[in-house]
Amino acid sequence: MTVQHRFLPNLPPEVIAAVQTEGLNWTLRHAYAGNPGYRERLAGAGYDPGQTVSLQDLTRIPVTTVEELRTGYPLPLLSVPESEVVRIHASSGTTGKRKILAYTQNDIDTWKDMFARCYELAGLTPLDRVQIAVGYGLWTAGAGFQLGCERFGAMCVPIGPGNMEIHLQLLEDLQTTCLCSTASMALLLAEEVSKHNLKKKISLKKAIFGAETHTPKMRARFEDWLGLEDSFDISGMTELYGPGAGLECAAHAGIHYWADLYILEVLDPETLLPVAPGEVGEIVVTTLKKEAAPLIRYRTRDLTRLIPGECPCGLAVPRHDRILGRSDDMFIFRGVNIYPGQIAAVLETFPELGSEFQIRLTRKDGRDQMLVKIERKIGVPADMDQNLSESVSVEMRKHLLARGWVEIVPPGELPRSFGKTKRLIDDRDAQ
């Protein structure tokens, strides 16, 4: 029997292909007509708005990078008259300039429907009470979670990050049933719930979390301490409306993404050619109906892999793996390319260790040094630290082909964050 959904689409492959072909050509013509930068780059690649581009021709279209957003500041990629812009959101930039994206009313409407799909896929109902613990204002997260919640019809409890006393009070007084946050904030809140013995006094059943990579240990820890039935990893970014671009289902077999709203390619970050099915590469996205700031083969820098076949949940929507890291998170240590996620994967093999770690890079006498601080698990005696440190160091060298120092620290010693936890501190240029 086919399950009826209010918001979730049914997208067999032939329907996806037709929708994406139509949306791709609309986006190319719209951007060509509305944005001088797009027009110049598309024309330079031989594109003619009179032609119809097939999905097989997509690799002939040039990619868009974050540089286009920086050089187009303050309203990059704008492809409609400014009078049609009803809102802007922004994310932090690395050069002092934020990445600002504009939205038309149609863009906002698409976004809230897209997000409502996520709540539905997580199994929520209009009777749920959703406590939002992500940032409001310029950042897309708070506005997106709230828009989608209101569109879906559940009760929204919009607190934002921090405000731990208010979060704990409303968890208990309002008996909220779903938490929306970063993984770091979920862990921080879980630790506070445990510290104040509130687990049996609250009614949280589910959590929707995202905005940063996480480890299975981290997830298991906040699920346990908050008494959750389930939790769901959400995808998204400011350039692609915001959070809500896809969600993990209850089968936990990948993130379903909305292929009727954007095309997702997985490319080799160096060659920009498609990787083989199932291989890890960089996500590159093309929007299909975004008006104010359309994306044409935009390099997200997020790393994942496509998951072939049907999902056990039965939803006919394609999937990708969770975000495995970022291609620009890589650091070079003594000539070796290393991703923080590789270190996290090594730590997962040690049951005596907690989920929190921090990498610090320094330079002494012209030679790079790496120190990895790792919290031991609660209940593990401190007299195991030396043996653990040596064992982790051996495994890291085996998997990373580089030697670093390992320090085991007590539970709770490393910094916590209301947003994204900073795993890498690189002080080499300061020395």
Conditions (1) under 30 Å from PRO294 (Cβ atoms); (2) part of a strand (DSSP E or B) -> GLU239 fails only (2)
Residue match in the stretch 392-399 (condition: modelled with pLDDT of 80 or more, open to solvent by less than 30 Å² (accessible area, probe 1.4 Å), β-branched (Val, Ile, Thr) and within 25 Å of HIS214 (Cβ to Cβ)) | yes
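Listed here are the residues, each with its yes/no results for (1) open to solvent by 20 Å² or more (accessible area, probe 1.4 Å); (2) out of contact with any Phe, Trp or Tyr (no Cβ under 6 Å at 6 or more places or on another chain); (3) not in a strand (DSSP E or B).
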position: ARG219; (1), (2), (3): yes, yes, yes
position: SER235; (1), (2), (3): no, yes, no
position: GLY246; (1), (2), (3): no, no, no
position: ALA253; (1), (2), (3): yes, yes, yes
position: HIS256; (1), (2), (3): no, yes, no
position: PRO269; (1), (2), (3): yes, yes, yes
Within the bounds of the stretch 192-204, is there any residue that is in contact (Cβ under 8 Å) with a residue 40 or more places away in the chain and either in a strand (DSSP E or B) or of a type in the set (D, E, K, R) (or both)?
-> no
Among the residues of the stretch 140-163, write down those that are assigned to a helix (DSSP H, G or I) and out of contact with any helix residue (DSSP H, G or I) (no Cβ under 6 Å at 6 or more places or on another chain).
-> ALA141, GLY142, ALA143, PHE145, GLN146, CYS149, GLU150
Scanning for something modelled with pLDDT of 95 or more, loosely packed, with under 15 Cβ neighbours inside 10 Å, polar (S, T, N, Q) and over 22 Å from the mean Cα position of the chain (by Cα), does the stretch 89-109 turn up at least one residue?
-> yes
Does the stretch 65-73 include one or more residues that are over 27 Å from the mean Cα position of the chain (by Cα), outside any helix (DSSP H, G or I) and of a type outside the set (Gly, Ala, Ser)?
-> no
Look through LEU189, LEU295, LEU264 and report the one residue that is touching a residue at least 40 places away in the same chain (Cβ under 8 Å), assigned to a helix (DSSP H, G or I) and touching a Leu at 6+ places or on another chain (Cβ under 9 Å).
-> LEU189
Within the stretch 147-176, can you find the residues that are crowded, with 21+ Cβ neighbours inside 10 Å and of a type in the set (S, T, N, Q)?
-> THR176
Exception for LEU78 within (1) touching a Phe, Trp or Tyr at 6+ places or on another chain (Cβ under 9 Å); (2) in a loop (DSSP other than H, G, I, E, B); (3) surrounded by 18 or more Cβ atoms within 10 Å (Cβ to Cβ) falls at (1)
Strands (runs of 3 or more DSSP E) (entirely within the stretch 302-391) containing at least 2 residues that are open to solvent by less than 50 Å² (accessible area, probe 1.4 Å) and at pLDDT 85 or above | 353-364, 367-376
What is the one condition in (1) modelled with pLDDT of 95 or more; (2) assigned to a loop (DSSP other than H, G, I, E, B); (3) open to solvent by 60 Å² or more (accessible area, probe 1.4 Å) that LEU124 does not satisfy?
-> (3)
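The values are calculated or read from the model by the stated rules, or taken from the named source; none is laboratory data. Nothing here was measured: the structure is a model prediction, and the numbers come from that model. So basically every Cβ, Gly included, is an ideal-geometry build from the backbone, and we count neighbours across all protein chains shown. With ligands, DNA and RNA removed, areas are computed over all heavy atoms of the protein, side chains included. Shrake-Rupley method; radii C 1.70, N 1.55, O 1.52, S 1.80 Å.
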